[in-house]
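Working notes, beginning with the structure itself.
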Amino acid sequence: MNPATELPRSVALNRLAVLAFYYSLIAFFIISTPLMLGEVSLGSTVISLIQVFPLLLFARGLQTTRARTYGWMSFVVLLYFIHGVLVAFRAEQLVQGVIEVSLCVGLFVTLVLFIRSYREHFKTPL
């Protein structure tokens, strides 16, 4: 990002919050999948990669602060929210489901806050 397009403090803080929830969600999937399956194996590693891969597609756009990427990420995170709700309905995986839902809600809210503050500052449509 060049100095002409430096983000104001409020937008930059929203961006940091988005990135914190984003990377927390990725770390959650990498850590929790072997716990859900009860073992660390090639299968659990592959499942973790399948869960994380769609999130990784947005990494570059989120790092370079492309507003359109933040918009699309807000749609994709809703799919992970649905997954978290479905996981939470299994009694033995209630904690993992609640954590996933909480991370998704946090990510969605911070994405919306970032997009609104970005649009207000730069006076641009998404």
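Among the residues making up segment 107-126, those that are without any contact (Cβ under 8 Å) to a residue 40 or more places away in the chain and within 9 Å of Ser74 (Cβ to Cβ) are Phe108, Val112.
Does Leu7 satisfy the criteria of being surrounded by 13 or more Cβ atoms within 10 Å (Cβ to Cβ), over 11 Å from the mean Cα position of the chain (by Cα), in contact (Cβ under 8 Å) with a residue 24 or more places away in the chain and outside any helix (DSSP H, G or I)? Judged against the criteria, Leu7 is a match. For segment 15-47, the set of residues classified as modelled with pLDDT under 95, closer than 21 Å to Leu78 by Cβ and not hydrophobic (A, V, I, L, M, F, W, C) consists of Ser32, Thr33, listed by residue number. Can you name the residue in segment 96-118 that is of a type in the set (S, T, N, Q) and farther than 14 Å from Arg68 by Cα and, of all such residues, is surrounded by the fewest Cβ atoms within 10 Å (Cβ to Cβ)? Of everything passing the filter in segment 96-118, Ser102 is surrounded by the fewest Cβ atoms within 10 Å (Cβ to Cβ).
The values are calculated or read from the model by the stated rules, or taken from the named source; none is laboratory data. Note that the coordinates shown come from a computational prediction; the quantities given were computed from them, not determined experimentally. No Cβ is skipped: glycine too gets one built from the backbone with ideal geometry, and neighbour counts run over all protein chains shown.
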